[in-house]
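The values are calculated or read from the model by the stated rules, or taken from the named source; none is laboratory data. What you see is a predicted model, and the numbers here were worked out from it, not measured in a lab. Ideal geometry is used to build each Cβ from the backbone, glycine not excepted, and the neighbour counts take in all protein chains shown. Accessible surface is based on the protein model in full, side chains and every heavy atom, while ligands, DNA and RNA are left aside. Shrake-Rupley method; radii C 1.70, N 1.55, O 1.52, S 1.80 Å.
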Amino acid sequence: MSVNDPGRQRLFVDGAWEEPDGGYYAVVDPASEETVGWAPEASRDQVHAACAAAREAFGPWSRTAPEERAAVLARAADIIHGHLVPYAELAQAETGATMGTARGMQVGVGAARFRRYARVEPAEWAIPPQINDAGPMGRAGVMGALAVRQPVGVVTCITSYNNPWANPAGKIAPALAMGNTVVVKPAPQDPLSVYRMAEALEAAGVPAGVVNVVSGRAVEVGEAAVGSPDVDMVSFTGSTAVGQRIAEACGRDMKRQLMELGGKGVALVFDDADLGSAVAGIGTTFSFYSGQICTAPTRVLAQRGVYDRLVEQLAAYAGRLRVGDPREASTVVGPVISAEHRDRVESYVETGRKEGAVVVAGGERPPYERGFYVAPTLLADCSGDMRVAREEIFGPVVSVIPFDEEEEGIALANDTDYGLIDYVWSGDVARAFRVARRLRAGGVGINTVGRNMEAPFGGFKKSGVGRDVGSYALHAYSEVQAIVWPG
(Lines give C-alpha, C1' and ligand atoms only; values in the text may rest on other atoms or scores of the structure.)
Protein backbone atom coordinates (compact mmCIF):
# COMPACT_ATOMS: atom_id res chain seq x y z
CA MET A 1 0.00 0.00 0.00
CA SER A 2 2.89 2.36 0.68
CA VAL A 3 3.57 5.00 -1.94
CA ASN A 4 6.81 5.89 -0.23
CA ASP A 5 10.31 4.56 -0.60
CA PRO A 6 10.65 2.55 2.62
CA GLY A 7 14.11 4.01 3.09
CA ARG A 8 13.24 7.67 2.59
CA GLN A 9 9.90 8.86 3.87
CA ARG A 10 8.23 11.90 2.27
CA LEU A 11 6.02 14.49 3.95
CA PHE A 12 2.23 14.34 3.56
CA VAL A 13 0.89 17.80 2.67
CA ASP A 14 -2.44 18.63 1.02
CA GLY A 15 -3.02 15.06 -0.10
CA ALA A 16 0.39 14.70 -1.77
CA TRP A 17 3.67 13.03 -0.78
CA GLU A 18 6.29 15.76 -0.89
CA GLU A 19 10.07 15.78 -0.78
CA PRO A 20 11.36 17.57 2.35
CA ASP A 21 13.27 20.81 1.95
CA GLY A 22 15.53 19.92 4.88
CA GLY A 23 16.58 16.50 3.64
CA TYR A 24 16.38 13.38 5.79
CA TYR A 25 17.59 12.14 9.15
CA ALA A 26 18.08 8.63 10.48
CA VAL A 27 15.47 6.96 12.70
CA VAL A 28 17.38 4.64 15.03
CA ASP A 29 16.25 1.33 16.52
CA PRO A 30 16.81 1.72 20.31
CA ALA A 31 17.48 -2.02 20.68
CA SER A 32 20.06 -2.51 17.93
CA GLU A 33 21.17 1.08 17.24
CA GLU A 34 20.66 0.33 13.53
CA THR A 35 18.89 2.69 11.14
CA VAL A 36 15.19 1.86 10.72
CA GLY A 37 14.63 4.37 7.94
CA TRP A 38 15.07 8.00 6.97
CA ALA A 39 12.55 10.58 8.14
CA PRO A 40 11.86 13.88 6.34
CA GLU A 41 12.95 17.22 7.77
CA ALA A 42 10.32 19.81 6.88
CA SER A 43 11.11 23.46 6.39
CA ARG A 44 9.16 26.25 8.03
CA ASP A 45 7.57 27.04 4.66
CA GLN A 46 6.42 23.45 4.24
CA VAL A 47 4.84 23.44 7.70
CA HIS A 48 3.03 26.68 6.91
CA ALA A 49 1.87 25.15 3.60
CA ALA A 50 0.46 22.20 5.52
CA CYS A 51 -1.41 24.55 7.86
CA ALA A 52 -2.74 26.55 4.89
CA ALA A 53 -3.92 23.32 3.24
CA ALA A 54 -5.72 22.34 6.42
CA ARG A 55 -7.37 25.78 6.54
CA GLU A 56 -8.52 25.44 2.93
CA ALA A 57 -9.91 21.96 3.56
CA PHE A 58 -11.67 22.90 6.79
CA GLY A 59 -14.77 24.45 5.24
CA PRO A 60 -15.78 21.49 3.06
CA TRP A 61 -14.79 18.88 5.66
CA SER A 62 -16.65 20.61 8.50
CA ARG A 63 -19.79 20.63 6.34
CA THR A 64 -19.48 16.94 5.49
CA ALA A 65 -22.16 14.85 7.16
CA PRO A 66 -20.96 13.28 10.42
CA GLU A 67 -21.92 9.87 9.03
CA GLU A 68 -19.53 10.37 6.10
CA ARG A 69 -16.70 11.42 8.38
CA ALA A 70 -17.38 8.38 10.56
CA ALA A 71 -17.24 6.10 7.52
CA VAL A 72 -13.75 7.37 6.68
CA LEU A 73 -12.59 6.64 10.22
CA ALA A 74 -14.11 3.16 10.11
CA ARG A 75 -12.31 2.36 6.86
CA ALA A 76 -9.04 3.64 8.34
CA ALA A 77 -9.53 1.36 11.35
CA ASP A 78 -10.02 -1.62 9.03
CA ILE A 79 -6.89 -0.78 7.05
CA ILE A 80 -4.77 -0.36 10.19
CA HIS A 81 -6.07 -3.62 11.64
CA GLY A 82 -5.39 -5.37 8.33
CA HIS A 83 -1.75 -4.27 8.47
CA LEU A 84 -1.32 -5.01 12.17
CA VAL A 85 1.82 -7.14 11.84
CA PRO A 86 3.95 -4.90 9.57
CA TYR A 87 2.80 -1.78 11.40
CA ALA A 88 3.68 -3.37 14.75
CA GLU A 89 7.07 -4.44 13.46
CA LEU A 90 7.80 -0.86 12.41
CA ALA A 91 6.57 0.52 15.74
CA GLN A 92 8.76 -1.98 17.57
CA ALA A 93 11.79 -0.98 15.50
CA GLU A 94 11.20 2.73 16.12
CA THR A 95 10.36 2.57 19.84
CA GLY A 96 12.02 -0.56 21.20
CA ALA A 97 8.69 -1.88 22.49
CA THR A 98 8.11 -5.59 22.97
CA MET A 99 5.97 -7.20 20.26
CA GLY A 100 3.06 -7.65 22.66
CA THR A 101 3.10 -3.94 23.43
CA ALA A 102 3.61 -2.93 19.80
CA ARG A 103 0.69 -5.04 18.61
CA GLY A 104 -1.73 -4.59 21.46
CA MET A 105 -1.03 -1.22 23.05
CA GLN A 106 0.36 0.69 20.08
CA VAL A 107 -1.15 -0.37 16.75
CA GLY A 108 -4.09 -2.21 18.33
CA VAL A 109 -5.15 0.76 20.43
CA GLY A 110 -4.58 3.07 17.46
CA ALA A 111 -7.05 1.06 15.36
CA ALA A 112 -9.50 0.90 18.26
CA ARG A 113 -9.47 4.68 18.63
CA PHE A 114 -10.35 5.19 14.98
CA ARG A 115 -13.12 2.63 15.43
CA ARG A 116 -14.37 4.40 18.58
CA TYR A 117 -14.84 7.72 16.80
CA ALA A 118 -16.44 6.10 13.76
CA ARG A 119 -19.77 6.20 15.60
CA VAL A 120 -21.81 9.36 15.40
CA GLU A 121 -22.82 11.01 18.66
CA PRO A 122 -25.32 13.85 19.09
CA ALA A 123 -23.67 17.24 18.67
CA GLU A 124 -26.56 19.35 19.95
CA TRP A 125 -28.94 19.38 22.86
CA ALA A 126 -31.86 21.44 24.04
CA ILE A 127 -31.64 23.91 26.92
CA PRO A 128 -34.74 24.34 29.12
CA PRO A 129 -36.80 27.36 27.93
CA GLN A 130 -36.54 30.54 29.97
CA ILE A 131 -39.45 32.83 30.83
CA ASN A 132 -38.38 36.47 30.59
CA ASP A 133 -40.18 39.45 32.08
CA ALA A 134 -40.63 42.61 30.03
CA GLY A 135 -37.66 44.93 30.27
CA PRO A 136 -34.95 46.77 28.32
CA MET A 137 -34.34 43.70 26.17
CA GLY A 138 -37.92 43.51 24.95
CA ARG A 139 -41.37 42.28 25.78
CA ALA A 140 -42.13 39.40 28.14
CA GLY A 141 -41.85 36.02 26.52
CA VAL A 142 -40.31 32.59 26.44
CA MET A 143 -36.81 32.08 25.02
CA GLY A 144 -35.84 28.72 23.61
CA ALA A 145 -32.20 27.68 23.38
CA LEU A 146 -30.06 25.04 21.75
CA ALA A 147 -26.42 24.17 22.47
CA VAL A 148 -24.50 23.06 19.40
CA ARG A 149 -21.00 21.62 19.24
CA GLN A 150 -19.04 23.19 16.39
CA PRO A 151 -15.55 22.19 15.20
CA VAL A 152 -12.69 24.38 16.41
CA GLY A 153 -10.99 24.60 13.01
CA VAL A 154 -7.41 23.62 12.20
CA VAL A 155 -5.78 21.55 14.94
CA THR A 156 -2.04 21.05 15.28
CA CYS A 157 -1.38 17.67 16.90
CA ILE A 158 2.07 17.28 18.44
CA THR A 159 2.56 13.72 19.60
CA SER A 160 4.80 11.83 22.02
CA TYR A 161 7.48 9.28 21.20
CA ASN A 162 6.35 6.58 23.62
CA ASN A 163 3.36 5.52 21.53
CA PRO A 164 3.41 6.56 17.86
CA TRP A 165 0.03 4.89 17.21
CA ALA A 166 -2.32 5.30 20.16
CA ASN A 167 -1.29 8.87 20.93
CA PRO A 168 -1.73 10.34 17.41
CA ALA A 169 -4.90 8.30 16.84
CA GLY A 170 -6.32 9.65 20.09
CA LYS A 171 -5.95 13.16 18.68
CA ILE A 172 -6.62 12.71 14.97
CA ALA A 173 -9.72 10.51 15.19
CA PRO A 174 -11.88 12.69 17.50
CA ALA A 175 -10.66 15.87 15.82
CA LEU A 176 -11.74 14.58 12.41
CA ALA A 177 -14.99 13.18 13.79
CA MET A 178 -15.94 16.67 14.98
CA GLY A 179 -15.18 18.21 11.56
CA ASN A 180 -11.74 19.68 12.25
CA THR A 181 -8.74 19.34 9.97
CA VAL A 182 -5.31 18.46 11.35
CA VAL A 183 -1.60 19.08 10.96
CA VAL A 184 0.32 16.34 12.75
CA LYS A 185 3.85 16.92 13.96
CA PRO A 186 5.09 13.52 15.21
CA ALA A 187 7.88 13.05 17.73
CA PRO A 188 11.23 13.14 15.90
CA GLN A 189 12.37 9.81 17.37
CA ASP A 190 9.66 7.64 15.74
CA PRO A 191 7.70 9.49 13.04
CA LEU A 192 7.55 6.70 10.45
CA SER A 193 4.56 4.99 12.08
CA VAL A 194 2.57 8.22 11.88
CA TYR A 195 3.16 8.37 8.13
CA ARG A 196 1.75 4.84 7.87
CA MET A 197 -1.33 6.16 9.69
CA ALA A 198 -1.58 8.96 7.11
CA GLU A 199 -1.38 6.38 4.32
CA ALA A 200 -4.24 4.45 5.93
CA LEU A 201 -6.35 7.60 6.14
CA GLU A 202 -5.54 8.48 2.53
CA ALA A 203 -6.59 4.99 1.43
CA ALA A 204 -9.75 5.35 3.53
CA GLY A 205 -10.76 8.37 1.45
CA VAL A 206 -9.87 11.35 3.60
CA PRO A 207 -9.94 14.44 1.32
CA ALA A 208 -6.78 16.35 0.46
CA GLY A 209 -5.69 18.79 3.15
CA VAL A 210 -7.80 17.27 5.93
CA VAL A 211 -4.81 15.37 7.33
CA ASN A 212 -1.24 16.60 6.95
CA VAL A 213 1.94 15.19 8.50
CA VAL A 214 5.17 17.15 8.82
CA SER A 215 8.18 15.96 10.80
CA GLY A 216 11.58 17.20 11.78
CA ARG A 217 14.15 17.41 14.53
CA ALA A 218 14.55 21.19 14.33
CA VAL A 219 12.69 23.25 16.92
CA GLU A 220 11.40 25.51 14.15
CA VAL A 221 9.21 22.70 12.78
CA GLY A 222 7.15 22.59 15.97
CA GLU A 223 7.24 26.35 16.33
CA ALA A 224 5.83 26.81 12.84
CA ALA A 225 3.10 24.24 13.46
CA VAL A 226 2.06 26.05 16.64
CA GLY A 227 2.55 29.62 15.47
CA SER A 228 0.89 29.49 12.06
CA PRO A 229 -2.01 31.95 11.83
CA ASP A 230 -4.03 29.21 10.13
CA VAL A 231 -4.01 27.10 13.32
CA ASP A 232 -6.91 27.43 15.79
CA MET A 233 -5.93 24.83 18.40
CA VAL A 234 -2.89 22.88 19.57
CA SER A 235 -3.13 19.42 21.09
CA PHE A 236 0.16 18.43 22.70
CA THR A 237 1.43 15.38 24.55
CA GLY A 238 4.89 15.61 26.05
CA SER A 239 6.93 17.21 28.79
CA THR A 240 5.67 19.96 31.03
CA ALA A 241 8.59 22.22 30.06
CA VAL A 242 7.75 22.06 26.35
CA GLY A 243 4.04 22.33 27.13
CA GLN A 244 4.64 25.57 28.98
CA ARG A 245 6.40 27.08 25.96
CA ILE A 246 3.58 25.96 23.66
CA ALA A 247 0.99 27.38 26.06
CA GLU A 248 2.76 30.75 26.03
CA ALA A 249 2.68 30.81 22.24
CA CYS A 250 -0.99 29.80 22.16
CA GLY A 251 -1.85 32.41 24.75
CA ARG A 252 -0.55 35.24 22.57
CA ASP A 253 -3.08 34.36 19.86
CA MET A 254 -5.82 32.97 22.14
CA LYS A 255 -5.58 29.53 20.53
CA ARG A 256 -7.35 26.63 22.14
CA GLN A 257 -5.14 24.13 23.94
CA LEU A 258 -5.30 20.51 25.03
CA MET A 259 -2.22 19.63 27.06
CA GLU A 260 -1.35 16.16 28.34
CA LEU A 261 1.93 16.71 30.13
CA GLY A 262 4.21 15.07 32.67
CA GLY A 263 3.32 12.94 35.65
CA LYS A 264 4.78 11.60 38.87
CA GLY A 265 2.05 9.11 39.69
CA VAL A 266 1.66 8.23 43.36
CA ALA A 267 0.83 4.72 44.56
CA LEU A 268 -0.53 4.92 48.11
CA VAL A 269 -0.22 1.44 49.61
CA PHE A 270 -1.95 0.98 52.97
CA ASP A 271 -1.24 -1.70 55.56
CA ASP A 272 -4.34 -3.68 54.58
CA ALA A 273 -3.53 -3.73 50.84
CA ASP A 274 -3.28 -6.85 48.71
CA LEU A 275 0.49 -6.74 48.23
CA GLY A 276 0.46 -9.04 45.23
CA SER A 277 -1.87 -6.69 43.40
CA ALA A 278 0.12 -3.62 44.45
CA VAL A 279 3.44 -5.13 43.37
CA ALA A 280 2.07 -6.20 40.00
CA GLY A 281 0.56 -2.76 39.41
CA ILE A 282 3.60 -0.78 40.48
CA GLY A 283 5.79 -3.20 38.53
CA THR A 284 4.28 -2.00 35.26
CA THR A 285 6.57 1.01 35.66
CA PHE A 286 9.46 -1.32 34.90
CA SER A 287 7.90 -3.22 32.02
CA PHE A 288 5.38 -0.97 30.27
CA TYR A 289 7.32 1.12 27.70
CA SER A 290 10.33 0.67 30.01
CA GLY A 291 8.84 3.29 32.30
CA GLN A 292 8.46 5.85 29.53
CA ILE A 293 4.86 6.62 30.33
CA CYS A 294 3.39 9.57 32.20
CA THR A 295 0.74 7.46 33.98
CA ALA A 296 3.25 5.14 35.68
CA PRO A 297 3.07 4.78 39.49
CA THR A 298 6.68 5.88 39.97
CA ARG A 299 6.34 7.34 43.48
CA VAL A 300 5.27 4.73 46.02
CA LEU A 301 4.05 5.78 49.45
CA ALA A 302 4.01 2.70 51.69
CA GLN A 303 2.45 2.64 55.15
CA ARG A 304 4.93 1.54 57.83
CA GLY A 305 3.26 -1.78 58.57
CA VAL A 306 3.77 -2.96 55.00
CA TYR A 307 6.82 -0.93 53.97
CA ASP A 308 9.54 -3.57 54.42
CA ARG A 309 7.52 -6.36 52.77
CA LEU A 310 6.56 -4.12 49.86
CA VAL A 311 10.16 -3.08 49.22
CA GLU A 312 11.30 -6.70 49.41
CA GLN A 313 8.62 -7.93 47.01
CA LEU A 314 9.13 -5.05 44.56
CA ALA A 315 12.87 -5.72 44.53
CA ALA A 316 12.27 -9.41 43.84
CA TYR A 317 9.76 -8.55 41.12
CA ALA A 318 12.21 -6.16 39.41
CA GLY A 319 14.98 -8.74 39.63
CA ARG A 320 12.90 -11.36 37.82
CA LEU A 321 12.18 -9.16 34.79
CA ARG A 322 14.21 -10.05 31.74
CA VAL A 323 15.85 -7.06 30.09
CA GLY A 324 16.91 -7.40 26.47
CA ASP A 325 16.04 -7.50 22.80
CA PRO A 326 12.31 -6.74 22.51
CA ARG A 327 12.08 -9.10 19.52
CA GLU A 328 12.71 -12.06 21.82
CA ALA A 329 9.53 -13.52 23.29
CA SER A 330 11.03 -13.81 26.78
CA THR A 331 11.92 -10.11 27.01
CA VAL A 332 9.83 -8.03 29.40
CA VAL A 333 11.84 -4.80 29.55
CA GLY A 334 13.14 -3.33 26.32
CA PRO A 335 15.37 -0.29 25.79
CA VAL A 336 14.58 3.36 26.36
CA ILE A 337 14.26 5.57 23.30
CA SER A 338 17.83 6.92 22.94
CA ALA A 339 21.32 7.02 24.35
CA GLU A 340 20.69 10.55 25.60
CA HIS A 341 17.60 9.45 27.47
CA ARG A 342 19.41 6.45 28.95
CA ASP A 343 22.07 8.82 30.28
CA ARG A 344 19.36 11.03 31.75
CA VAL A 345 17.69 8.13 33.57
CA GLU A 346 21.02 6.85 34.87
CA SER A 347 21.91 10.32 36.13
CA TYR A 348 18.72 10.37 38.18
CA VAL A 349 19.63 7.04 39.79
CA GLU A 350 23.04 8.44 40.70
CA THR A 351 21.36 11.57 42.07
CA GLY A 352 19.15 9.35 44.21
CA ARG A 353 22.21 7.61 45.65
CA LYS A 354 23.77 10.96 46.51
CA GLU A 355 20.53 12.13 48.12
CA GLY A 356 20.55 9.09 50.43
CA ALA A 357 18.23 6.67 48.67
CA VAL A 358 19.14 2.98 48.85
CA VAL A 359 19.31 1.13 45.53
CA VAL A 360 17.74 -2.24 46.33
CA ALA A 361 17.32 -3.41 42.73
CA GLY A 362 18.97 -2.42 39.46
CA GLY A 363 21.13 0.65 39.34
CA GLU A 364 23.67 -0.84 36.92
CA ARG A 365 23.61 -0.73 33.13
CA PRO A 366 22.69 -4.12 31.61
CA PRO A 367 25.73 -5.79 29.95
CA TYR A 368 24.80 -5.38 26.29
CA GLU A 369 27.15 -4.05 23.65
CA ARG A 370 24.36 -2.36 21.71
CA GLY A 371 21.02 -0.88 22.66
CA PHE A 372 19.88 1.76 25.12
CA TYR A 373 19.02 -0.45 28.09
CA VAL A 374 18.28 0.55 31.68
CA ALA A 375 17.80 -2.04 34.41
CA PRO A 376 14.54 -1.91 36.42
CA THR A 377 15.61 0.11 39.45
CA LEU A 378 14.05 0.39 42.90
CA LEU A 379 15.07 3.21 45.24
CA ALA A 380 14.07 2.72 48.89
CA ASP A 381 14.26 4.92 52.01
CA CYS A 382 13.43 7.98 49.95
CA SER A 383 11.93 11.20 51.27
CA GLY A 384 9.44 13.53 49.67
CA ASP A 385 12.00 16.27 49.07
CA MET A 386 14.41 14.17 46.98
CA ARG A 387 14.64 14.96 43.28
CA VAL A 388 14.02 11.30 42.42
CA ALA A 389 10.72 11.58 44.29
CA ARG A 390 9.68 14.91 42.80
CA GLU A 391 10.83 15.02 39.17
CA GLU A 392 9.61 12.94 36.26
CA ILE A 393 12.36 10.45 35.35
CA PHE A 394 10.46 8.73 32.51
CA GLY A 395 12.25 5.43 32.88
CA PRO A 396 12.02 2.13 34.79
CA VAL A 397 12.76 3.71 38.16
CA VAL A 398 10.52 3.59 41.24
CA SER A 399 11.04 5.50 44.50
CA VAL A 400 9.54 4.25 47.78
CA ILE A 401 8.71 6.56 50.69
CA PRO A 402 7.34 5.40 54.08
CA PHE A 403 4.42 7.07 55.88
CA ASP A 404 2.51 6.46 59.11
CA GLU A 405 -1.06 7.77 59.12
CA GLU A 406 -3.62 8.32 56.37
CA GLU A 407 -3.43 12.12 56.63
CA GLU A 408 0.34 12.04 56.24
CA GLY A 409 0.03 9.82 53.17
CA ILE A 410 -2.47 12.15 51.53
CA ALA A 411 -0.30 15.19 52.30
CA LEU A 412 2.78 13.51 50.81
CA ALA A 413 0.82 12.41 47.75
CA ASN A 414 -0.40 15.93 47.04
CA ASP A 415 3.01 17.53 47.67
CA THR A 416 3.97 17.55 43.99
CA ASP A 417 3.86 19.79 40.94
CA TYR A 418 2.10 17.02 39.02
CA GLY A 419 -1.37 15.53 39.16
CA LEU A 420 -2.09 13.13 36.29
CA ILE A 421 -3.01 9.68 37.64
CA ASP A 422 -2.54 8.41 41.19
CA TYR A 423 -3.30 5.00 42.67
CA VAL A 424 -4.60 3.69 46.00
CA TRP A 425 -4.24 0.13 47.27
CA SER A 426 -6.32 -0.76 50.31
CA GLY A 427 -8.53 -3.62 51.44
CA ASP A 428 -10.94 -1.05 52.88
CA VAL A 429 -12.89 0.11 49.82
CA ALA A 430 -14.57 2.95 51.75
CA ARG A 431 -11.16 4.33 52.75
CA ALA A 432 -9.81 3.88 49.23
CA PHE A 433 -12.64 5.99 47.78
CA ARG A 434 -12.33 8.55 50.57
CA VAL A 435 -8.61 8.95 49.91
CA ALA A 436 -9.09 9.00 46.14
CA ARG A 437 -11.41 12.00 46.36
CA ARG A 438 -8.75 13.94 48.27
CA LEU A 439 -5.95 13.32 45.79
CA ARG A 440 -5.22 16.24 43.48
CA ALA A 441 -5.00 14.19 40.32
CA GLY A 442 -7.02 13.95 37.13
CA GLY A 443 -7.54 10.23 37.67
CA VAL A 444 -7.22 7.72 40.48
CA GLY A 445 -6.97 3.95 40.16
CA ILE A 446 -8.25 1.97 43.12
CA ASN A 447 -6.49 -1.40 43.48
CA THR A 448 -5.65 -1.31 39.76
CA VAL A 449 -3.51 0.41 37.15
CA GLY A 450 -6.11 -0.37 34.49
CA ARG A 451 -8.06 2.33 32.73
CA ASN A 452 -11.61 2.74 31.49
CA MET A 453 -11.19 4.08 27.96
CA GLU A 454 -14.38 6.14 28.16
CA ALA A 455 -13.32 7.90 31.37
CA PRO A 456 -11.96 11.46 31.04
CA PHE A 457 -8.18 11.65 30.87
CA GLY A 458 -6.07 14.65 31.82
CA GLY A 459 -4.22 16.26 34.68
CA PHE A 460 -4.33 18.74 37.52
CA LYS A 461 -1.57 21.29 38.08
CA LYS A 462 1.45 20.94 35.78
CA SER A 463 0.18 17.66 34.34
CA GLY A 464 -1.96 19.39 31.79
CA VAL A 465 -5.00 21.36 30.68
CA GLY A 466 -8.25 19.83 29.47
CA ARG A 467 -9.64 16.30 29.18
CA ASP A 468 -9.87 13.80 26.36
CA VAL A 469 -10.70 10.12 25.69
CA GLY A 470 -14.21 8.86 24.95
CA SER A 471 -16.86 11.55 24.58
CA TYR A 472 -14.60 13.99 26.42
CA ALA A 473 -12.30 14.10 23.37
CA LEU A 474 -15.25 15.16 21.21
CA HIS A 475 -15.83 17.98 23.69
CA ALA A 476 -12.14 18.91 23.63
CA TYR A 477 -12.04 19.26 19.84
CA SER A 478 -15.16 21.40 19.60
CA GLU A 479 -16.58 24.75 20.62
CA VAL A 480 -20.06 25.14 22.09
CA GLN A 481 -22.37 27.53 20.28
CA ALA A 482 -25.63 28.74 21.80
CA ILE A 483 -28.61 29.45 19.53
CA VAL A 484 -31.63 31.18 21.07
CA TRP A 485 -35.04 32.15 19.70
CA PRO A 486 -38.34 33.53 20.97
CA GLY A 487 -40.90 30.86 21.83
inquiry  = About the Cα centre, and with charges only on the beta carbon of Lys, Arg (+1) and Asp, Glu (-1), how big is the dipole of region 330-378? Nearest 20 debye, please.
reply    = 40
key: Accessible carbon and sulfur surface of region 1-84 relative to its total accessible area, %, 1.4 Å   = 50
inquiry  = Accessible area per residue for region 112-197 in Å², computed with a 1.4 Å probe and the full protein assembly in place, what is it?
reply    = 38
ask   = Which whole-number percentage describes the relative contact order of the chain, with Cα contacts under 8 Å and a sequence gap of 6 or more?
value = 17
message = Counting only helical runs of four or more DSSP H residues, what would the 222 nm mean residue ellipticity of the chain come to if each run contributes -39,500 (n - 2.57) and the total is spread over all its residues?
response = -11500 deg cm²/dmol
request  = Place +1 on the Cβ of every Lys and Arg and -1 on the Cβ of every Asp and Glu in region 258-401, take the dipole about the Cα centre, and give the residue among Leu275, Gly356, Pro367 whose Cα lies farthest towards its positive end.
outcome  = Pro367
inquiry  = Could you derive backbone 3J(HN,Hα) for region 202-212 from the dihedral phi with the Karplus parameters 6.51, -1.76 and 1.60 (θ = phi - 60°), listing whole Hz in sequence and x where the residue is Gly or Pro?
reply    = 4, 5, 7, x, 5, x, 4, x, 6, 10, 9
query = Which value, in Å² and to the nearest 10, is the accessible area of Val397 when all protein chains are kept and the probe is 1.4 Å?
reply = 0
note = In the chain the DSSP beta bridges are antiparallel at a rate, in percent to nearest 5, of 45
message = I need the calculated FRET efficiency for the pair Asp404 and Ala241, taking r as the beta carbon distance and R₀ as 45 Å, to the nearest 0.05.
response = 0.85
remark   = Once phi for every residue in region 314-328 is put through the Karplus expression 6.51 cos²θ - 1.76 cosθ + 1.60 (θ = phi - 60°), the whole-Hz ³J(HN,Hα) values, with Gly and Pro written as x, are 5, 5, 5, 4, 4, x, 7, 6, 7, 9, x, 4, x, 7, 8
message = Quick check on packing: order 245-251, 176-182, 38-44 by the mean number of other C-beta atoms within 10 Å, highest mean leading.
response = 176-182, 38-44, 245-251
task = Normalising by the residue count of region 1-91, find the relative contact order in percent from Cα pairs under 8 Å and 6+ residues apart.
result = 21
key: Antiparallel content of DSSP bridges confined to region 1-85, in %, to 5   = 90
note = With +1 at each Lys and Arg Cβ and -1 at each Asp and Glu Cβ, the charge dipole magnitude of region 335-487 around its Cα centre, to the nearest 20 debye, comes out at 380
request  = For Glu312, Glu406, Glu94, write out the residues from largest to smallest accessible area, computed with a 1.4 angstrom probe and no ligands counted.
outcome  = Glu312, Glu406, Glu94
inquiry  = Compute, for the chain, the length of the dipole vector about the Cα centre, with Cβ point charges of +1 (Lys, Arg) and -1 (Asp, Glu) only. Units Debye, rounded to 20.
reply    = 840
Percent carbon-and-sulfur accessible area, region 361-475, ignoring ligands, DNA and RNA, probe 1.4 Å = 50
task = Take the Cβ-Cβ distance between Ala430 and Ser383 as r, set R0 to 25 Å, and report the resulting FRET efficiency rounded to the nearest 0.05.
result = 0.25
query = Put +1 on the Cβ of each Lys and Arg and -1 on the Cβ of each Asp and Glu in the chain; which of Ala118, Thr298, Phe286 then has its Cα farthest toward the positive end of the dipole?
reply = Ala118
